[in-house]
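The values are calculated or read from the model by the stated rules, or taken from the named source; none is laboratory data. Just so it is clear, the structure is predicted and the values come from calculations on it, not from any experiment. Every residue, glycine among them, receives a Cβ derived from its backbone with ideal geometry; neighbour counts consider all protein chains shown.
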Amino acid sequence: MVNAAYTHTKGFMAPFHHVRYWLNDFRSGGRARGREEMFNHYHSRLRNVIERAFDVLKARFPILKRMAPYSFGMQRNTVIACKALHNFL
């Protein structure tokens, strides 16, 4: 799940361009019309949930805020370990 700054390629699920995307647009402008708007609406909702979940993890495990000096594999394993600990607790 990526925002509109990225292109829709293998491994990156980007929203459609030039179509409503933000949740406030759907709240004020009514329901999604058409496949592309519906996809963007669900994409926006899911991305919002994912961002909130990571905010909860970052609040509980401050190491997640300072991951830059670690390799990608170490970052991935740290996030997985934090998620497992969070679910266990």
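Observations on the structure shown:
- Taken over segment 67-86, the residue count meeting the criterion of being under 19 Å from the mean Cα position of the chain (by Cα), of a type outside the set (A, V, I, L, M) and surrounded by fewer than 11 Cβ atoms within 10 Å (Cβ to Cβ) is 1.
- Restricting segment 1-36 to residues that are at pLDDT 80 or above and not in a loop (DSSP other than H, G, I, E, B), the residue that is nearest to I50 (Cα to Cα): F12
- Of all residues in segment 28-65, those satisfying the criterion of being within 14 Å of V2 (Cα to Cα) and polar (S, T, N, Q) are N40, S44, N48.
- Restricting attention to segment 1-37, the residues being surrounded by 15 or more Cβ atoms within 10 Å (Cβ to Cβ), of a type in the set (A, V, I, L, M) and more than 25 Å from Q75 (Cβ to Cβ) number 2.
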